[in-house]
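The values are calculated or read from the model by the stated rules, or taken from the named source; none is laboratory data. Since the structure is predicted, the reported quantities are computational estimates derived from the model, not experimental observations. Here Cβ is always computed from backbone atoms with ideal geometry, including for glycine, and neighbour counts include all displayed protein chains.
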Amino acid sequence: MSKYTEDDLKKELETKEYEYGFYTDIESDKLPVGLNEEIIVAISKKKEEPEWMTDWRLDAFKKWKEMKEPEWANVKYEKPDLQKISYYSAPSNKPKYNSLDEVDPELLETFKKLGISVDEQKKLAGVAVDVVIDSVSVATSFKDTLSEKGIIFCSMNEAIKKHPELIKKYIGTVIPKTDNYYAALNSAVFSDGSFCYIPKGVKCPMELSTYFRINEAGTGQFERTLVVADKGSYVSYLEGCSAPSRDENQLHAAVVELIALDDAEIKYSTVQNWFPGDSEGNGGVFNFVTKRGLCEKNAKISWTQVETGSAVTWKYPSCVLKGKNSVGEFYSIAVTNNFQQADTGTKMIHLGENTKSTIISKGISAGKSQNSYRGLVRINPRAKNSRNFSQCDSLLIGNECGAHTFPYIETKNKSAKIEHEATTSKIGEDQIFYCNQRGIDTEKAIALIVNGFSKEVLNKLPMEFAVEAQKLLEISLEGSVG
Amino acid sequence: MSQLKEKLLSSFIAFEEQKNVDSYVHGIRTKSIKKFEKEGFPTKKMESWKYTSLKKVLDYDYKLFPTVTEALEFKDIKDFLIDDIESYKIIFVDGKYCSHLSETTHDGMDICILSSALSQSKYDLVIENYFDEIAKKDGITSLNTAFSSEGSYIHIPKNVQVDKPIQIVYFSTGKNESVLYQPRNLIVVDENSHVEIIERHQSLSENRILVNSVSEIYCNQRSIVQHYKIQDDNRNASLIDNTFISQQRNSDYTLHTFSFGGELTRNNLSIFQNGERIESTIKGITIIGENQHVDHNTLIHHKEPNCNSYQDYKGIFGENSVGVFNGQVLVEKEAQKTNAFQANNNILISDKATINTKPQLEIFADDVKCSHGCTVGQLDKNALFYLRSRGIPEKEATALLMFGFANKVLSSVSIPEVKTRINDIIAKKLGVKIGFDI
């Protein structure tokens, strides 16, 4: 048997096709391409939204028109033509399902290929899945169990109609409409998303999850998620993505807002596997996401993410630590291969006293990819005794990729303690040699090392999700070494 | 800001008329002023100037070509020199070379001034090969290039061990006017040679001074250059120091920057490693207080394999001072087996002080070891208690701990007299009367 070297791994990774790249032929109900006020009004009408929502969208659009696409990120791409995208697409045959049997069988097939069929999920450890295919929720499960506890978990559209007071109160409070170019765009045209409200003192009995998929060619995906955890409550929210192969670039500009009121805790986990483009760098999804959480007194927000997909990723899940003793956490693995580019990281804004934040970021780059960590830790003058620990490690596989770190640390308080460290290295030959000596072949050794490298973050994922995350790591990087 | 720019642009013509328009540098100056006209002064909108605004210091009616107002004597400047060692001295007063205070040489090496190097044909080859070769072409550096006429010129030929350190000191005496100085240094160290350089800018009056200095340093094969920058100027003086270093294979460059004084100090430092097995070490101590702003902006560009770089910057920030560290390490695809280390440790001793730090790694090669560490914290309370319980007053105990914190940087200073001098300045800065001689 010939020796398995890093070059072999590289070759294998390059030729590895996107396994989940398929396209389900469902008739879609689409709006004409382009973006103007009429389109926005049309989207709003299609969603049967109240007038205040339409005005909110139009206001965001007005502000968006004055904004420019940001260029500071360490990524290069051809800017998507936002006038060539259809801003609304929903599966057309949309009956209200009571059971899975009524669901379009083709859709079910899609889930099967993904390895996460709805019925299987239902049986699995009490995971409620709010399935979003091309922006519109078609099936929501476990609703009854949740509503008993007073938990609201539904699509954004439904929430706007049924719980306007909550939406009005919280939407756009963490991420203002004018926050950035893509957040403003999202505010204007968002198609649907999930809304979750956990009442006072309630511990959500199950992991909530939503699967996003981009299914229709040439459709921008503009999800909007809002999670509100009232005083003393707890929720763990999972989000996973997978998109079919497409040749033209698709745009995904989501907005996620988390609000943790006093003593509440939100755990938000993401496994992201948008189509990364083929080995030549053609196609792939542009992922420009704005995610931010607000912590009130004693609250905690924890972001965990596994990023394996997208041609271009641009994403900074952040925490605003407003209340005393609040805690923000960020755990991330970002894997890039072939021509992928990722510029991800986090922002920890310490406003209150005794606030703590932890950042663990692991970047793995292979092929000709570029992987950047960009983070900000800001300690405001009033944030006494705040504490931050950041660690960013990068692993390089092959000599054509790049790893970059851009940490920004701004401190205005003398009692703050901040530690930041970053390392960049490749898999050490001595490490592989050590494994070889003990009878572990190179293939397994690399797997072992990569796994060990990312373990700190993988461990933070909920059990149900960790399995899928590992699977995605295998596809995007480890190939047969996993 | 724009007023100053207009003034600079209009006075350029008058400045050039006095110079030899047929010379090689004339073309460079003309090109540079155009560049400056286009780029202007840097603003906070630029990523590398995000935390430092020049607005405050540019808002004065600076005189560009001061006249020497009074002759200085050695006793006036003694305090600002490392006077207890033998050394070559290149002393400038109000932008003009001051021969009676200086000690230069042409014996086997050139330790002299740029204006004579620019005007004599025997230096043409060096000027054409090295002048403005590595200096960045941004607004602020181009401005200096356009007006470059005076500064130090050091050329150490092959296989020379310079017998004593070289001190380059720029004094400003101007009694009642604000002045903008633009000194330009060119230092070429040839194969296998060794030199030690101590550099300082000092204002002797209460007037507003802005210095925009550019230094180009060329370290050829196997050369060793040890460079010290002592920045302990008056509170009304500001300094923009642009230093560019080009290293050839097996060369070793070490820089220590001691920033204690001045209102605004910006150190732009770029090291380009153009060969294999190069060592670059840059270290700094910053201790500042009221209304002071120090910004260290460093770049180490690793272009070839098997090179090392080491950065260690320590800062102590009191009152409403602002500290900035922006350290960039760039490792090119070819630069395999690079070891790059970067540390930036900061202590804030006041609630009004701010520290902004951005250690940045950009790596395109896979077989490298690069790491950076960055901390912001306070003095260890237990250590403080330990000292106080042994009868050391709080002020002294704090000073001892701070000194201990900064000492790691000092330990690599190779001239003992420089070390003693820095120790004294630190003691004064921390307001204690104890010697730190260890």
Would you point out which residue out of B:312, B:295 is surrounded by fewer than 20 Cβ atoms within 10 Å (Cβ to Cβ), at pLDDT below 95 and under 16 Å from the mean Cα position of the chain (by Cα)? B:312
Tell me which of these residue A:342 doesn't satisfy, since it passes every other one: (1) in contact (Cβ under 8 Å) with a residue 40 or more places away in the chain; (2) not in a strand (DSSP E or B). (2)
If we scan the stretch A:307-315, do we find a residue that is over 16 Å from the mean Cα position of the chain (by Cα) and aliphatic (A, V, I, L, M)? no
Which residue is modelled with the highest pLDDT, if the candidates are limited to the stretch A:302-313 and must be in a strand (DSSP E or B) and surrounded by 24 or more Cβ atoms within 10 Å (Cβ to Cβ)? A:303
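One line per residue, one yes/no per condition, for (1) without any contact (Cβ under 8 Å) to a residue 60 or more places away in the chain; (2) closer than 13 Å to residue B:164 by Cα:
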residue: B:76; (1), (2): no, no
residue: B:79; (1), (2): yes, no
residue: B:86; (1), (2): no, yes
residue: B:95; (1), (2): no, no
residue: B:99; (1), (2): yes, no
residue: B:103; (1), (2): yes, yes
residue: B:106; (1), (2): yes, no
residue: B:112; (1), (2): yes, no
residue: B:115; (1), (2): yes, no
Being free of Cβ contacts under 8 Å to residues at least 40 places away in the same chain and surrounded by fewer than 24 Cβ atoms within 10 Å (Cβ to Cβ) is the filter; apply it to the stretch A:278-288 and report the residue that is nearest to residue A:350 (Cα to Cα). A:283
Looking at residue A:328, is it part of a strand (DSSP E or B), at pLDDT 90 or above, within 19 Å of the chain's Cα centre (by Cα) and of a type outside the set (A, V, I, L, M)? yes
Considering every residue within the stretch A:255-277, establish whether at least one is outside any loop (DSSP other than H, G, I, E, B), in contact (Cβ under 8 Å) with a residue 12 or more places away in the chain, polar (S, T, N, Q) and surrounded by fewer than 24 Cβ atoms within 10 Å (Cβ to Cβ). no
So how many residues does the stretch B:210-247 have that are among the aliphatic types (A, V, I, L, M) and without any contact (Cβ under 8 Å) to a residue 60 or more places away in the chain? 5
Lone qualifier among B:338, B:375 - being within 20 Å of residue A:392 (Cβ to Cβ), more than 8 Å from chain A (Cβ to nearest Cβ), touching a residue at least 24 places away in the same chain (Cβ under 8 Å) and more than 23 Å from the chain's Cα centre (by Cα): B:338
Out of (1) of a type outside the set (Lys, Arg); (2) touching a residue at least 12 places away in the same chain (Cβ under 8 Å); (3) loosely packed, with under 15 Cβ neighbours inside 10 Å, what's the single condition that is false for residue B:17? (2)
Sole miss for residue A:341 among (1) buried (at least 24 other Cβ atoms within 10 Å of the Cβ); (2) more than 9 Å from chain B (Cβ to nearest Cβ); (3) under 24 Å from residue B:371 (Cα atoms); (4) modelled with pLDDT of 90 or more is condition (4)
Among the residues of the stretch B:345-365, which ones are touching a helix residue (DSSP H, G or I) at 6+ places or on another chain (Cβ under 9 Å) and either within 16 Å of residue B:52 (Cβ to Cβ) or at the interface with another protein chain (Cβ under 7 Å from one of its Cβ atoms) (or both)? B:349
Could you please give the count of residues in the stretch B:322-335 that are facing another protein chain (nearest Cβ under 7 Å) and in contact (Cβ under 8 Å) with a residue 40 or more places away in the chain? 0
Please find, within the stretch B:57-77, the residue that is surrounded by the most Cβ atoms within 10 Å (Cβ to Cβ) out of those that are modelled with pLDDT under 85 and part of a helix (DSSP H, G or I). B:77
Output the residues belonging to the stretch A:223-250 that are modelled with pLDDT under 80 and either assigned to a strand (DSSP E or B) or surrounded by 23 or more Cβ atoms within 10 Å (Cβ to Cβ) (or both). A:239, A:240, A:241, A:242, A:243, A:250
Going by the conditions given, is residue B:396 among the charged types (D, E, K, R), over 22 Å from the mean Cα position of the chain (by Cα) and crowded, with 20+ Cβ neighbours inside 10 Å? no
